[in-house]
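The values are calculated or read from the model by the stated rules, or taken from the named source; none is laboratory data. Everything numeric in this text was worked out from a predicted model, so none of it was measured. Don't worry about glycine lacking a Cβ; one is built from the backbone with ideal geometry, like all the others, and counts go over all protein chains shown. Ligands, DNA and RNA are excluded from the accessible area calculation, which covers all protein heavy atoms including side chains. Shrake-Rupley method; radii C 1.70, N 1.55, O 1.52, S 1.80 Å.
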Amino acid sequence: MEQFDVAIIGAGPAGMTAAIYAARADMKVLMLDKLAPGGQIINTNEIQNYPGVGTINGAELAYQMFEHTQQFESITFDYGTVREIREEEGKKIICCEEDDREFAATAVILATGTRPRCLEIPGEDNFRGNGISWCAICDGAQYRDRDVVVIGGGNSAVEESIFLAGIVKSLTVVTMFDLTADPIACDKLRAMPNVKVYPYQDILDFTGEEKLTGVHFKSTETGEEHTVSCDGVFEYIGLIPTTEFMKSLGVLNQMGYVEVDARMTTKVPGFFGAGDCVTKNLRQVITACADGAIAAQEAAHYVESLR
Ligand SMILES: Cc1cc2nc3c(=O)[nH]c(=O)nc-3n(C[C@H](O)[C@H](O)[C@H](O)COP(=O)(O)OP(=O)(O)OC[C@H]3O[C@@H](n4cnc5c(N)ncnc54)[C@H](O)[C@@H]3O)c2cc1C
């Protein structure tokens, strides 16, 4: 079984940055991903908030990050869907679904990201990434002066709605319960002139043939149905951390996120977290990269301490 100093699970921005920093700290590094390296930014049309690059296509930024990792001979990238990590004689044994392959490492950085919770209703698959988005910071500008619906009523939904309402012509917030975010934020949103809120609704389906045209929903109180016309929809009904295989490690909080401190260390020695899968407030490329850098440095200290 091949042995590494540091194994990084997930080759998104967090994992790739961790790989670069670990290699520069003289570590032998394994970077595993179940898909092509790049993570969520591969499917992001434009990234406009990563300093120094202006506007860049997400796949292009992912490619540049991966190219950077490949400048280090000590980084091995491999495809592998990690299904289990167990401890054996002071080593972490990483087991992949494909051909039951196993790797050993002294330290592991968990950087597996999140995925958006979806409504799973008719029409959603047709307009995914083409009318329906999960990131207002990323895609909101496309809907300047247009009609938009936000689905959800929690903190993310309300904060992103306030942001969107400043850009779009009309913003309709449709939520399964009432707005449950911070009351000051809810009041601010309700006071915005172009915002209408429909609480206590069941979202039934998205309408449109080639193009999204609206959202159809039904009141859970009165049974009344509405279809609101719109050009775009943003869904904020929560994120799901991609951490299922980590349950037995003792590193997750109740919500399934990797619980880390400011040094990206978990409470289990030798396990570090980075990027969207850890407990944090702002899930963006730049924060993922920053986490990756910190996690790699701490992982390298851990490996050195055992030598
Ligand atoms: C539509 C959209 C647009 C966005 N636009 C922007 C933007 O404009 N600017 C910005 O800063 N941020 C943007 N973001 C957020 C940004 O993409 C994320 O914050 C960032 O990608 C997080 O990086 P990460 O490395 O933590 O996780 P991810 O990018 O999610 O990468 C995690 C990686 O782990 C892999 N993985 C998961 N489970 C396993 C497993 N069991 N075994 C092996 N590999 C596994 C995945 O395949 C994936 O490649 C956007 C997000 C979305 C969804």
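Below are the figures for this structure:
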quantity: Within the stretch 189-213: backbone nitrogen closer than 14 Å to the His226 label point (7 Å, Cα to C-beta); calculated: 190, 194-204
quantity: Number of Lys pairs (Cα under 21 Å; 8 or more positions apart or on different chains) in the chain; calculated: 16
quantity: For the chain: relative contact order, % (alpha-carbon pairs under 8 angstrom, 6 or more apart); calculated: 21 percent
quantity: Amide N of the stretch 66-92 lying under 12 Å from the label point, which is placed 7 angstrom from the Cα of Glu98 along Cα→Cβ; calculated: 77-82
quantity: Net charge dipole size for the stretch 210-307 [Lys, Arg +1 and Asp, Glu -1 on Cβ; Debye, nearest 20]; calculated: 480 debye
quantity: For the stretch 262-296 versus the stretch 71-106, the gap between their alpha-carbon centres in whole angstrom; calculated: 19 Å
quantity: Quarter of the Cα convex hull surface for the stretch 124-235, i.e. its orientation-mean projected area (nm²); calculated: 6.3 nm²
quantity: Separation between Cα centres of the stretch 204-225 and the stretch 4-37, rounded to whole Å; calculated: 44 Å
quantity: Net length gained if the chain between Asn155 and Ile286 were fully extended (0.36 nm per residue, minus Cα distance); calculated: 45.0 nm
quantity: For the chain, alpha-carbon Rg relative to the globular expectation (2.2 N^0.38 Å, N residues); calculated: 1.10
quantity: In the stretch 204-248, the trypsin sites (Lys or Arg not before Pro) that fall in loop regions by DSSP, at most 13 other Cβ within 10 Å; calculated: Lys211
quantity: Heavy-atom surface of the chain, accessible at 1.4 Å and reported per residue (Å²); calculated: 48 Å²
quantity: Given charges at beta-carbon only (K, R positive; D, E negative), |dipole| of the chain in Debye; calculated: 720 debye
quantity: Helical mean residue ellipticity (222 nm; -39500 (n - 2.57) per DSSP H run of 4+; nearest 500) of the chain; calculated: -7000 deg cm²/dmol
quantity: Pairwise label distance in nanometres, His301 with Phe72, each label 7 Å out on the Cα-Cβ vector; calculated: 1.8 nm
quantity: DSSP-defined beta bridges in the chain - what % are antiparallel, rounded to 5; calculated: 45 percent
quantity: Unit Cα scatterers, Debye sum, the stretch 79-145: log10 I(q)/I(0) for q = 0.25 Å⁻¹; calculated: -1.08
quantity: DSSP H segments from the chain that extend 20 Å or more along their own axis, Cα-based, with Kyte-Doolittle mean of 0.5 or above; calculated: 285-306
quantity: Carbon/sulfur fraction of accessible area - the chain, other protein chains in place, 1.4 Å, %; calculated: 48 percent
quantity: Cysteines in the chain lacking a second Cys C-beta under 4.7 Å; calculated: Cys95, Cys96, Cys118, Cys186, Cys230, Cys277, Cys289
quantity: Computed Rg/Rh of the stretch 183-307, alpha carbon atoms with Kirkwood Rh; calculated: 1.16
quantity: Thr55-Arg117 FRET efficiency (beta carbon distance; Förster radius 25 Å; 0.05 resolution); calculated: 0.30
quantity: Counting DSSP beta bridges with both ends in the stretch 124-235, the antiparallel % (nearest 5); calculated: 40 percent
